[in-house]
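Below is one structure; the comments refer to it alone.
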Amino acid sequence: MPNMSFRKNKMPVQEPSLRSKNFDEVALGYTLEQAVDEAGRCLNCKNKPCVSMCPVAIDIPGFIAKIREKKFKEAYEIIRQNSSLPAVCGRVCPQEVQCESRCVRGIKGEPVAIGFLERFVADWCDENLKQVEKVVEKTGRKVAIVGSGPAGLSCAGDLAKRGHEVTIFEALHAPGGVLTYGIPEFRLPKKIVEKEMENLKKLGVEVKTNVVVGCSVTVDELFSQGFEAIFISSGAGLPRFMNIPGENLNGVYSANEFLTRINLMKAYKPDSQTPIKRVKRVAVVGGGNVAMDAARAAKRLGARDVYVIYRRSENEMPARKEEIQHAKEEGIIFKTLCNPTRIHGDSLNFVDKIICSRMQLKEPDESGRRRPVEKKGSEFEICVDCVIISIGTSPNPLIRRSTPDLEANSCGGLVVDPQTGLTSKKAVYAGGDVVTGAATVILAMGAGKNAARAIDKYLAELG
Ligand code: FAD
Ligand code: SF4
Ligand code: SF4
């Protein structure tokens, strides 16, 4: 008999008052009993509506059935057929708009907690099983991967498992892309990414950090070094700004810079080489996951008042509902229907105020969301000593500029064949945010897997 409870098993979490002062993971994970009980809520639907909403089509009822039988290794193997990073996706996938959005249990209650179950299986296997990768015959073919985010990691792993010699070139001093420098420890512990890197190294993948492709070495130079195919997965790390007066004042950061200083450079430690000045009142501009991460990280750095300033209402916020809820519990103050018009500085050019207008929503614009329009004469100010701009990012043009035969669209994304990831240049493939613009981990990972299949086929055809 299925478990007909209307509600999901709750995810145990750290208490808000405690967690807002530390960087440890907020969600603590299901116990074995909770996972088996939650798995009992799945009705094993014949037409699998949940699977149609997973970008990589994981056999969701299949892996959940194995959890019910307590066959966790088999559940893991089912997930791994389509996903290289289950411990990551179980934590950060926006399940409420993907797999869980079509779960039939969601019609009269809450959907099955697919993400929590995926995370449980990945963590259980990590703790209880030793992973042994099969030894494969080497092909002698060399592939270069540019960037070590989820797209690059999944492409590298799949190619190495097919026997190819893979080298990842990463611009930063640590691999992992946004998983390392963007998403904070309290949502995605870095040991999970480090484990992924260890597994790749065991497969023979070489990782060269501090190499900026397009600057230290060009795509064409990589070919002359003997690489026969290249996968570009350099992400979309170029921050956008509002172009309002005061954005160049001291104490204004892009969210990417702020989070990189904290996650990668450990700015919260007294001996960090890239510290963040002690901030007390912080304004974060934007309403996506990145804005929530920046606001919650600022709180953990010791800020007393942290505001999220967003020009539409909470309904339109692109951040995951769970992240908004967690941010509120931690005391983040939401200023919705507000738009900054300028940032004011003191006599030493340090931020001291952000000036905003109140907004109202009109008819939907081309994005389908209601258009925010300024209410005349509604300006007000908030005293702050730090402003973090989190209104989106674009692909960095460095590689494109140094490789003129790579075609890009008007947003700066590389143009590729959607099936294979092949760019306009022979033997150069691309995927992830560098193609789509800022998107999700699972989409980047899926693009890496697709490209690996196409690159493998291309290399086989070389004879
Ligand atoms: P990235 O992860 O950006 O990796 C690209 C890598 O390439 C980086 O390491 C970069 O240093 C490197 N690189 C760039 N240029 C060069 C060069 N010229 N030479 C060599 N290396 C280079 N998605 C979700 O699904 N859920 C979430 O909760 C979520 N939260 C997020 C929170 C934050 C703060 C951010 C910034 C993003 C978040 N995302 C989330 C989005 C998600 O992380 C990205 O869509 C995903 O990481 C894209 O993967 P990628 O491999 O394409 O690129
Ligand atoms: Fe859901 Fe993401 Fe897992 Fe797919 S990968 S089943 S969307 S949590
Ligand atoms: Fe199970 Fe929900 Fe998928 Fe049906 S839709 S198979 S209940 S997870």
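The values are calculated or read from the model by the stated rules, or taken from the named source; none is laboratory data. These numbers come from a predicted model, not from an experiment. In this analysis, Cβ positions are derived from the backbone assuming ideal geometry, glycine residues included, and neighbour counts consider all displayed protein chains. Accessible surface is based on the protein model in full, side chains and every heavy atom, while ligands, DNA and RNA are left aside. Shrake-Rupley method; radii C 1.70, N 1.55, O 1.52, S 1.80 Å.
Percent of Cα pairs in the stretch 91-151 per distance bin of 5 Å, from zero to the largest separation: 4, 13, 13, 13, 15, 13, 13, 8, 5, 2, 1, 0.
Given DSSP loops and a limit of at most 14 other Cβ atoms within 10 Å, what is the longest stretch of the chain that contains no such GluC sites (Glu not before Pro)?
On the way: sites that count: E69, E133, E137, E366, E379, E407.
Segment 138-365 is the longest.
The convex hull built on the alpha-carbon positions of the stretch 98-194 has an orientation-averaged projected area of 8.8 nm².
From the largest down, the stretch 126-279 spans 57, 44, 26 angstrom on the principal axes of its Cα atoms.
When DSSP assigns beta bridges and you keep just the ones with both residues in the chain, what percent turn out antiparallel, to the nearest 5? Of all bridge pairs located within the chain, approximately 40 percent are antiparallel. Across the alpha-carbon atoms of the chain, the computed radius of gyration and Dmax are 22.8, 71 angstrom. For the stretch 303-435, the tally of Lys pairs with Cα-Cα distances below 26 Å comes to 11, considering only residues 8 or more apart or on different chains.
For the set K138, K10, the ranking by accessible area, highest first and with no ligand, DNA or RNA atoms included, is K10, K138 under a 1.4 Å probe. In the context of the full set of protein chains, the stretch 96-167 has a per residue accessible area of 45 Å² (1.4 Å probe). The mean of 1/r over all distinct Cα pairs in the stretch 409-455, once inverted, gives the Kirkwood hydrodynamic radius of 10.5 Å.
For C386, the residues whose modelled amide H falls within less than 5 Å of its own, excluding neighbours fewer than 5 places apart on the same chain, are R281, A283.
Top to bottom by accessible area (1.4 Å), largest first, where do L337, L222, L264 land?
On the way: L337 55, L222 0, L264 25 Å².
Highest to lowest solvent-accessible surface, that is L337, L264, L222.
A DSSP coil position with no more than 16 other Cβ atoms inside 10 Å describes the following trypsin sites (Lys or Arg not before Pro) in the stretch 267-356: K277, R278, K280, R304.
Remark: accessible surface ordering of D456, D293 (largest first) is D456, D293, probe radius 1.4 Å. When the alpha carbon gyration tensor of the stretch 189-236 is reduced to an equivalent ellipsoid, its three semi-axes come out at 24, 14, 9 angstrom, largest first. Set the bar at 20 Å for Cα to Cα. Now go through K190/K277; K73/K195; K10/K190; K161/K202 and name every pair that lies beyond it. In this structure, K190/K277; K10/K190 exceed 20 Å between Cα atoms. Surface composition of the chain: carbon and sulfur make up 51 percent of the accessible area, probe 1.4 Å.
Histogrammed with a bin width of 5 Å, the alpha carbon distances of the stretch 265-343 distribute as 3, 16, 26, 23, 16, 10, 5, 1, 0 percent, first bin at zero. Here the 3J(HN,Hα) profile of the stretch 309-314, calculated from phi with Karplus coefficients 6.51, -1.76 and 1.60 at θ = phi - 60°, is 10, 9, 7, 9, 8, 4 Hz, Gly and Pro shown as x.
Its relative contact order, with pairs defined as Cα atoms under 8 Å and 6+ residues apart, puts the chain at 16 percent.
How large is the accessible surface per residue of the stretch 373-463, computed with a 1.4 Å probe and reported in Å² as a whole number?
Values: 4310 Å² over 91 residues.
Ligands and nucleic acids excluded, the figure is 47 Å² per residue.
The residues of the stretch 228-327 expose, per residue, 40 Å² of accessible area to a 1.4 Å probe.
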